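To start, the structure itself, in structure tokens.
Read-outs: derived from the displayed coordinates by stated rules, not from any lab. Worth saying up front: this structure is predicted, and the values here are computed from it rather than measured. Here the Cβ positions follow ideal geometry from the backbone for every residue, glycine too, while neighbour counts run over all protein chains shown.
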Amino acid sequence: MNLGIAGRRAAVAAASRGLGFATARALAAEGVRVAICGRDAGRLEAAAAEIGAVPIVADLRDPAAGVTFVRQAADALGGVDILVTNTGGPPPGDFAAVGDLDAYRQAFDAACLSAVAMCREAIPGMQARRWGRVVAITSVAVRQPIPNLILSNVARAGLTGFLKTLAREVAADGITVNSLQPGYHATERVRELHADPGALAAAVPAGVIGDPADFGAVAAFCCSEQARFLTGAAIPVDGGTHAGLL
């Protein structure tokens, strides 16, 4: 399927590896001009070279860095039509273990406010052009909290509320705003949190953990011309892991 977005310009955050990189790769394969960011300059340069993207070093644990990333991406590409927000996950821990409120503030800055900051920088230009796509990579934890990830559960739920509100406010400007909620995928993050990632497949109705490339394809579709009437959606991409009706 031709997604109709060749020549569009995308800023994909936290995309030197994992689901961010898979999304950037899928967009680049559709002819989108892509800028990506990450904290590790060496890994970022290698990832950018692999898919022909513009590398921009940014540490999104500081929301101000999200503004700088989008601004630099717009300078490099001549504008930003597609924004993919994403950050590395907050540290693990449960209520008893996370006793410092600063830990919640840091998680909220990284996993929620950085995305808000990127949207605030990117969306005025989209409104002026009457076309835009925002896709946020969050987590299935928004629907079904994941044990021992209380910081992520809290921060990503807050971001989901922002995205739903934003989607309704900018829909008439030709801008769609959606979030994708990944379950278990074969990424570095999953390997860091689980000693035996392969064993997670037993908890997935599909019988396997996800391939990041498949996630990237879903993200790219959400950025397509065909998805122009899809907005305000929070879509699980989890092989059926989430068991709820809604």
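Summary table below
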{"read-out": "Every residue from region 212-246 that is more than 22 Å from A10 (Cα to Cα) and either part of a loop (DSSP other than H, G, I, E, B) or of a type in the set (S, T, N, Q) (or both)", "value": "D238, G239, G240, T241, H242, A243, G244, L245, L246"}
{"read-out": "Residue in region 88-109 that is hydrophobic (A, V, I, L, M, F, W, C), within 23 Å of G7 (Cα to Cα) and under 17 Å from the mean Cα position of the chain (by Cα) present", "value": "no"}
{"read-out": "Boolean, V154 is over 19 Å from G183 (Cα atoms) and either out of contact with any His (no Cβ under 7 Å at 6 or more places or on another chain) or crowded, with 22+ Cβ neighbours inside 10 Å (or both)", "value": "no"}
{"read-out": "Flag if V208 is without any contact (Cβ under 8 Å) to a residue 60 or more places away in the chain, among the aliphatic types (A, V, I, L, M) and assigned to a helix (DSSP H, G or I)", "value": "no"}
{"read-out": "Subset of region 8-23 (residues that are of a type outside the set (A, V, I, L, M, F, W, C) and either out of contact with any Leu (no Cβ under 7 Å at 6 or more places or on another chain) or touching a residue at least 40 places away in the same chain (Cβ under 8 Å) (or both))", "value": "R8, R9, R17, G18, G20, T23"}
{"read-out": "Flag for R168 being assigned to a helix (DSSP H, G or I), under 24 Å from P236 (Cβ atoms), more than 19 Å from the chain's Cα centre (by Cα) and not hydroxyl-bearing (S, T, Y)", "value": "yes"}
{"read-out": "So G132, is it out of contact with any Phe, Trp or Tyr (no Cβ under 9 Å at 6 or more places or on another chain) and surrounded by fewer than 23 Cβ atoms within 10 Å (Cβ to Cβ)", "value": "no"}
{"read-out": "Helices (runs of 4 or more DSSP H) contained in region 11-128 and holding at least 2 residues surrounded by 17 or more Cβ atoms within 10 Å (Cβ to Cβ) and of a type outside the set (A, V, I, L, M, F, W, C)", "value": "18-29, 63-77"}
{"read-out": "Only one of T165, T231, T176, T187 that is of a type in the set (S, T, N, Q) and closer than 21 Å to G18 by Cα", "value": "T187"}
{"read-out": "Any pair with Cβ under 7 angstrom, 6 or more apart, that starts in region 153-170 at a residue that is touching a residue at least 24 places away in the same chain (Cβ under 8 Å) and ends at one that is of a type in the set (F, W, Y)", "value": "V154/Y104; A155/F108; G158/F108"}
{"read-out": "Which listed residue, of F215, F221, is within 22 Å of V84 (Cβ to Cβ), touching a helix residue (DSSP H, G or I) at 6+ places or on another chain (Cβ under 7 Å) and among the hydrophobic types (A, V, I, L, M, F, W, C)", "value": "F215"}
